[in-house]
Amino acid sequence: MSAGFQPRLMLKGLVLILSLAIFGWLLNDLGLRDLLGTGWMDNVVRGHGLSGEALFLLVGCGAIAIGLPRQAVCFLAGYGFGLGWGVGLASLASLGGCLLSFFYARWLGRDLVIHRFAERIGKIDAFLHDNPMTMTILIRFLPVGSNLLTNLLAGVSSVRPLPFLTGSLLGYLPQTLVFVLLGSGIQVDPLFRISLSIGLFVLSALLGVFLYRRFRHGHSYAAELDE
C-alpha cells in the first residue's frame, strides 16, 4: 500500500504541539516551572554562559540517546535560548543523541538489537543502501516512527556512519525549527509563533509523505509508513 496523507498521524503531531503550548502557558501563568522541571533550565542553564550551554548539550544528548522525545529537548532549547541559538543547540543535541545510540548499537548492543529486531534490520538496510543520506533525510522528515529505534537499526545495518549522521542532521531541521519556535513562543508573540509552528509542522509532514512516495523505489522502511 502506498504512503498517503493520514489524518491520524497528523493529529498526533498537532496534539503534541498544542500540548507543549499549553505546557508553556502553565509554566508562565500558573507558576508551575519548578514543579514541571524547567526550574533546572532557569536555575542551572540560562544565564550561565558556556557552562550552562555545555550542560544543556550533555543532558540533551543523553536524553535523546536513551529515547526521550527529541521534540521536548528542542522545546526546552527554544525556551532557554530563543529561536536562533536554540535551533543550533537543539540540532547539536539531536545529532549527539543520534550518534550515541547509533554507535552503541554498532559497537556494544549489536546482539541485543539483532535479537529483538532481526526482520526490520533487513528492511532498513535495503531502504538506505542505494542513497543513504537522501533516504535518511526522508525518514527524519516523516512525523511518525521511533527516533531511537531508527538509530539502533541503522547502527547494526551496513549503512556508513557519515551519510546517516549527515542525513539525520539535515532531516531533523524542520521539526527542530518547529519545536524550538514553539518553546520560544512562551516568551514573545505566543499566538503568532504557536500558529506558525503548527503551519510548519503540517508542511514538513506533507513534504515527508510526498518524498516517501516519490523516492522509496519499492522499498519499505516500516509498516506504519506504508499505511
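The set of residues in segment 64-103 being closer than 18 Å to ASP42 by Cα and under 10 Å from the mean Cα position of the chain (by Cα) consists of ALA72, VAL73, CYS74, ALA90. Screening LEU50 with (1) of a type in the set (A, V, I, L, M, F, W, C); (2) modelled with pLDDT under 90; (3) farther than 13 Å from LEU177 by Cα gives one miss only, at (2).
Any residue that is closer than 28 Å to VAL45 by Cα and within 14 Å of the chain's Cα centre (by Cα) - is there at least one of those in segment 104-121? Reasoning before the result, please.
Within segment 104-121, the subset closer than 28 Å to VAL45 by Cα is 104.
Then drop every residue that is not within 14 Å of the chain's Cα centre (by Cα), which leaves none.
There is no residue in segment 104-121 that is closer than 28 Å to VAL45 by Cα and within 14 Å of the chain's Cα centre (by Cα).
Of the residues making up segment 149-163, those that are in a helix (DSSP H, G or I) and either free of Cβ contacts under 8 Å to residues at least 40 places away in the same chain or in contact with a strand residue (DSSP E or B) (Cβ under 8 Å, 6 or more places away or on another chain) (or both) number 4. Scanning segment 38-62 for residues that are over 25 Å from SER101 (Cα atoms) and of a type in the set (Val, Ile, Thr) yields a count of 2.
The values are calculated or read from the model by the stated rules, or taken from the named source; none is laboratory data. The model shown is predicted, which means the values in this text are computed figures rather than measured ones. Counting neighbours? That spans all protein chains shown, and the Cβs are built from the backbone with ideal geometry, glycine included.
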